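Novice: Mind having a look at this structure? Questions to follow.
The values are calculated or read from the model by the stated rules, or taken from the named source; none is laboratory data. None of the values given here were measured: they were computed from a predicted structure. When we count neighbours, we look across all protein chains shown, and the Cβ atoms used for this are built from the backbone with ideal geometry, even at glycine. Heads up: the accessible areas ignore ligands, DNA and RNA and are worked out on the full protein's heavy atoms, side chains in. Shrake-Rupley method; radii C 1.70, N 1.55, O 1.52, S 1.80 Å.
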Amino acid sequence: MDDDRITQIVGQWRRERPDLDPSPLLIIGRIQQLAVVLDAALRPPFAAADLGNGEFDVLAALRREGDPYALTAGQLSQRMLVTTGAVTKRVDRLIARGLVSRSVFESDARGRVVALTPAGMTLIDQLIEEHLANEARILRGLTDSDRAALERLLATLTRALGA
């Protein structure tokens, strides 16, 4: 393996604090480093459409829900793993752009439902194609076997952390 910055940091800790095991940094440090790199690699198509990652998530959650492409704020919150407050802010920005609408829930006048507009549908269908192609490009250096192993290991770590 190349002597990357994470390996160097681990080596420095081993030298300075031989009583500690810095090896978790080889995994956690790389995951953190990858998160930064992935964010930078995934953001451009959203930015070109004048969307933040969170706004893309709202559009994607509505689109993958299927017809009628509508959810309550609580349902969006669950699908996106964020608070309803975060959903409300994102939805408000998308309403201002005409990409989603908010209306009274048919079965409960106190509730509200958020739905894709035709413009929102057009945009998310275009962006999801770009996004998935971008993700495939990012992963092209991995073999099918590497991808399967990485997927399995990340799922195991996610379960172990209770996420």
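Novice: State yes or no: is Pro22 open to solvent by less than 80 Å² (accessible area, probe 1.4 Å), part of a loop (DSSP other than H, G, I, E, B) and modelled with pLDDT of 95 or more?
Specialist: yes
Novice: I would also like to ask the following. I'd like to know if the range 50-71 contains one or more residues that are of a type in the set (S, T, N, Q) and open to solvent by less than 30 Å² (accessible area, probe 1.4 Å).
Specialist: Checking the range 50-71: not a single residue is of a type in the set (S, T, N, Q) and open to solvent by less than 30 Å² (accessible area, probe 1.4 Å).
Novice: Inside the range 115-142, can you point out the residues that are outside any helix (DSSP H, G or I) and open to solvent by 40 Å² or more (accessible area, probe 1.4 Å)?
Specialist: Within the range 115-142, Arg140, Gly141, Leu142 meet the criteria.
Novice: Looking at (1) modelled with pLDDT under 90; (2) outside any loop (DSSP other than H, G, I, E, B); (3) exposed (fewer than 15 other Cβ atoms within 10 Å of the Cβ), which is the one condition that is false for Met1?
Specialist: (2)
Novice: Which of (1) under 16 Å from Glu55 (Cα atoms); (2) open to solvent by 40 Å² or more (accessible area, probe 1.4 Å); (3) in contact (Cβ under 8 Å) with a residue 24 or more places away in the chain is the odd one out, the single condition Arg112 does not satisfy?
Specialist: (1) is the only condition that Arg112 fails.
Novice: Testing Ser145 on (1) of a type in the set (S, T, N, Q); (2) farther than 28 Å from Gly66 by Cα; (3) surrounded by 13 or more Cβ atoms within 10 Å (Cβ to Cβ), one condition comes back false. Which one is that?
Specialist: If we test Ser145 against (1) of a type in the set (S, T, N, Q); (2) farther than 28 Å from Gly66 by Cα; (3) surrounded by 13 or more Cβ atoms within 10 Å (Cβ to Cβ), just (3) comes out false.
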